[in-house]
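Down below is the structure, laid out as structure tokens.
Coordinate-derived values only; no laboratory data. Just so it is clear, the model here is predicted, and its values are computed rather than measured. Don't worry about glycine lacking a Cβ; one is built from the backbone with ideal geometry, like all the others, and counts go over all protein chains shown.
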């Protein structure tokens, strides 16, 4: 009995030590490596985007930079390495230590939290549709409070195909919804938002579904922005955050502290204005209400 008890206690000590080692792993790794690896999703303006030969830019990239500034108080002269990822491989990259932070328009959900941890929220939005002005009436009624009135001689597309970006929470939600009902509507996956936009403009799909804030930026890059409109009805709740390694409470605390200090600074509203224009004051209030207080 005493021998069994000793084994039980030793096993628990090993588990505790393993957990403690995991908790210290991120900052220790950064110190040994001398760099922080910032993963980013390239096709998610205004949160993260890039051009050939340049570092990524965007709202989420800037917030990740604030976290790295905080890390540098403990690990001075830390080099910043930017590594392009996708939604399909980004979370596993955080889990496996290939990147230390994953930045972009990244929705927090329970399935993803099985793989990674997350900072406090950096943005709140929801999914809706990017439509052509000749998209079918049923889609305009579904997504727009005041649908456009089509002229009698205007050609109306009727492909009944809706596009989504591959590996997104939006695509998963739509598939689950369509699986519960008989519908002629089909979903088409696209690797980038730009590909989805092109398919919409070429009448290959009737609508492109994504988070509203991404669609606002995407529509500005259309061949003819005036031919499109963006839904004002949201059918999902999408809280964005920065993905972090799991089992490292100290590292998450560092990230949340850096974000809170920046949110409460005079520099936060101007940053929002840079990326979101006239929506900045409303977003500022919304994010401040959601942040972790001091």
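Listing for the model above:
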quantity: Between 0 and 90°, nearest 10: helix 249-263 axis offset from the chain longest Cα axis; calculated: 50
quantity: Rounded to 10°, Cα long-axis angle of helix 59-71 versus longest principal axis of the chain; calculated: 10
quantity: Structure-based [θ]222 nm, the chain - -39500 (n - 2.57) summed over DSSP H runs of at least 4, per residue, nearest 500; calculated: -13000 deg cm²/dmol
quantity: DSSP-defined antiparallel bridges as percent of all bridges, the chain, nearest 5; calculated: 50
quantity: Residue 222/residue 257 FRET efficiency (R0 45 Å; Cβ-Cβ; nearest 0.05); calculated: 0.65
quantity: Helix 280-290 axis, angle to the chain major axis (alpha carbon atoms, nearest 10°); calculated: 40
quantity: Inter-centroid distance (Cα atoms) of the range 179-235 relative to the range 33-57, Å; calculated: 24
quantity: Neighbour-count ranking [beta-carbon atoms within 10 angstrom, fewest first] of 229, 73; calculated: 73, 229
quantity: Gain in span if fully extended, residue 236 to residue 269, counting 0.36 nm per residue against the direct Cα distance; calculated: 9.3 nm
quantity: Residue order, fewest to most surrounding Cβ atoms within 10 angstrom, among 274, 185; calculated: 274, 185
quantity: The range 198-294: relative contact order as a whole-number percent, Cα under 8 Å and 6+ apart; calculated: 18
quantity: Footprinting exposure proxy for 131, 214, 271, 253 (fewest neighbouring C-beta atoms within 10 Å first); calculated: 253, 271, 214, 131
